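The values are calculated or read from the model by the stated rules, or taken from the named source; none is laboratory data. These figures come from a predicted structure and were not determined experimentally. Here the Cβ is made from the backbone with ideal geometry for all residues, glycine too, and neighbour counts use every protein chain on show. Protein only, heavy atoms only, side chains kept; ligands, DNA and RNA dropped before computing areas. Shrake-Rupley method; radii C 1.70, N 1.55, O 1.52, S 1.80 Å.
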2 protein chains.
Amino acid sequence: MSETTRAPARIRSLPSWLLGRAAARGHRLVAEALAQVGMRMMHHAVLSAVAELGPVSQAELGRSLSIDPKDMVAILNDLQNDGLVTRAPDAKDRRKNAIALSPSGKRRLIQTERLGREANDELTAALTPAERTQLMGLLVRIVQPEEPCVETDPSSE
Amino acid sequence: MSETTRAPARIRSLPSWLLGRAAARGHRLVAEALAQVGMRMMHHAVLSAVAELGPVSQAELGRSLSIDPKDMVAILNDLQNDGLVTRAPDAKDRRKNAIALSPSGKRRLIQTERLGREANDELTAALTPAERTQLMGLLVRIVQPEEPCVETDPSSE
DNA sequence: GAAAGATCGTAGGGAGCCCCAACGATTTTC
DNA sequence: GAAAATCGTTGGGGCTCCCTACGATCTTTC
């Protein structure tokens with residue numbers, strides 16, 4: 001054995017493993033922070049997406065955030081029960097539900113955005129701002145292939 | 001709204017979100033590759049760790065890889081049923097099981113290491129070797145706080 | 001206009017990873 | 001020797017993701 005790999009594991013040298021561990025820590029930090037206001041990560045993500053996209057269907061929310069339609073139902077049930085979003089039938093397409101942010105949803109979003117930001121600051125505490133930007137750039141290029149990013153399709157309009 | 005955030009989501013600008021998406025893709029690529037030989041990611045991780053650490057207890061394996069003891073039981077049951085590892089009671093500490101690699105386990109590990117490497121190459125295909133190294137360095141510093149890495153504790157010996 | 005296909009919301013089951021609690025057996029500590 | 005800690009095991013549960021299916025609705029095609 002000419003290698004000098006006395007390190008705990010060859011596994012740790014694989015990007016997929018490190019990504020998994022880093023993501024697990026990020027998820028845990030964010031989840032713990034959001035639990036302070038009784039919310040979970042996906043709840044905040046949906047709330048934030050609704051705020052940006054305006055009244056939007058559940059299907060489009062799911063595509064934007066890579067959330068399973070089944071899970072989306074449960075998430076929106078929670079958010080609706082808490083009065084954070086409104087779920088009204090879309091007049092133009094009666095299959096769809098128009099999800100919109102309520103006033104208390106806007107207020108809650110301000111809280112959760114702060115909590116999410118703080119958790120991410122703790123997650124990347126060991127990194128300089130430049131390194132954090134660097135990391136984001138690298139991650140985007142890894143995620144890219146599976147994030148169509150709702151490209152403006154000329155054939156649909 | 002004076003902001004120019006017409007981007008799909010503020011969520012995507014959070015490290016935790018990008019880490020989650022990148023990790024999801026990595027997990028999917030590796031899982032698909034390992035499925036070719038009927039194995040899962042954790043199976044390969046355990047196999048690789050056993051190869052490095054030699055005969056080792058289940059508890060230490062779990063700590064090394066951050067695997068829940070409950071899941072470790074199931075994983076080792078699978079590996080043992082496939083004849084890839086041996087699980088013998090430790091003579092020195094009869095609470096422990098000494099997990100060791102079998103000859104067929106060594107052979108299987110060669111396969112899974114190649115599959116894992118290829119999947120990670122595809123995962124980081126958009127990155128140059130230098131960027132990949134850069135990414136690994138940044139990730140290590142994010143994961144660090146939760147990976148004690150079995151530091152030699154002077155108080156225990 | 002009618003039939004075929006696609007999409008939407010909802011629901012079912014399940015796999016894989018993660019966390020918490022508990023138990024008998026065993027080892028270590030006091 | 002008694003108490004505390006550890007080991008392997010089992011239990012339950014939560015979260016993310018995947019596949020299937022259904023009725024209702026919209027779109028496409030004939």
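Only one of these is of a type in the set (A, V, I, L, M), away from DNA strand C (no atom under 14 Å from the Cβ), more than 9 Å from chain A (Cβ to nearest Cβ) and open to solvent by 70 Å² or more (accessible area, probe 1.4 Å): B:Ala100, B:Ala130, B:Ala91. Name it.
B:Ala130
Only one of these conditions is not met by B:Asn120: (1) in contact with a Ser or Thr (Cβ under 8 Å, 6 or more places away or on another chain); (2) farther than 15 Å from A:Ile11 by Cβ. Which number is it?
(2)
Can you name every residue in the range A:38-57 that is within 12 Å of DNA strand D (Cβ to nearest atom) and either modelled with pLDDT of 90 or more or of a type in the set (A, V, I, L, M) (or both)?
Matches in the range A:38-57: A:Met39, A:Arg40, A:Met41, A:Met42, A:His43, A:His44, A:Ala45, A:Val46, A:Ser57.
Run down A:Arg132, A:Arg87 and say which single residue is under 14 Å from B:Leu14 (Cα atoms) and of a type outside the set (Val, Ile, Thr).
A:Arg132
Looking at (1) part of a loop (DSSP other than H, G, I, E, B); (2) closer than 30 Å to A:Arg114 by Cα, which is the only condition B:Arg25 fails?
If we test B:Arg25 against (1) part of a loop (DSSP other than H, G, I, E, B); (2) closer than 30 Å to A:Arg114 by Cα, just (1) comes out false.
Output yes when any residue across the range B:50-62 is at the interface with chain A (Cβ under 9 Å from one of its Cβ atoms), within 12 Å of DNA strand C (Cβ to nearest atom) and either more than 11 Å from the chain's Cα centre (by Cα) or open to solvent by less than 40 Å² (accessible area, probe 1.4 Å) (or both), and no when none is.
The answer is no; no qualifying residue exists.
Can you name every residue in the range A:63-77 that is buried (at least 17 other Cβ atoms within 10 Å of the Cβ) and more than 11 Å from DNA strand C (Cβ to nearest atom)?
Within the range A:63-77, A:Ser64, A:Leu65 qualify.
Out of B:Ala35, B:Ala31, B:Ala23, report the one residue that is more than 13 Å from every other protein chain (Cβ to nearest Cβ), within 13 Å of DNA strand D (Cβ to nearest atom) and open to solvent by less than 70 Å² (accessible area, probe 1.4 Å).
After ruling out the rest, the residue left standing is B:Ala35.
Look through B:Glu122, B:Glu32 and report the one residue that is more than 9 Å from DNA strand C (Cβ to nearest atom), assigned to a helix (DSSP H, G or I), acidic (Asp, Glu) and in contact with a helix residue (DSSP H, G or I) (Cβ under 7 Å, 6 or more places away or on another chain).
Answer to the selection: B:Glu122.
With the condition kept exactly as written, say whether any residue in the range A:95-111 is in a loop (DSSP other than H, G, I, E, B) and within 25 Å of B:Arg28 (Cβ to Cβ).
No: zero hits.
Could you tell me which residue of the range B:103-123 is farthest from DNA strand D (Cβ to nearest atom), considering only residues that are buried (at least 19 other Cβ atoms within 10 Å of the Cβ) and away from every other protein chain (no Cβ under 14 Å)?
B:Arg108
For the range A:58-82, how many residues meet the condition of being more than 11 Å from DNA strand D (Cβ to nearest atom) and closer than 15 Å to A:Ser48 by Cα?
8
Which one of these does B:Thr86 not meet: (1) open to solvent by 40 Å² or more (accessible area, probe 1.4 Å); (2) within 16 Å of DNA strand C (Cβ to nearest atom)?
The number of the failed condition is (2).
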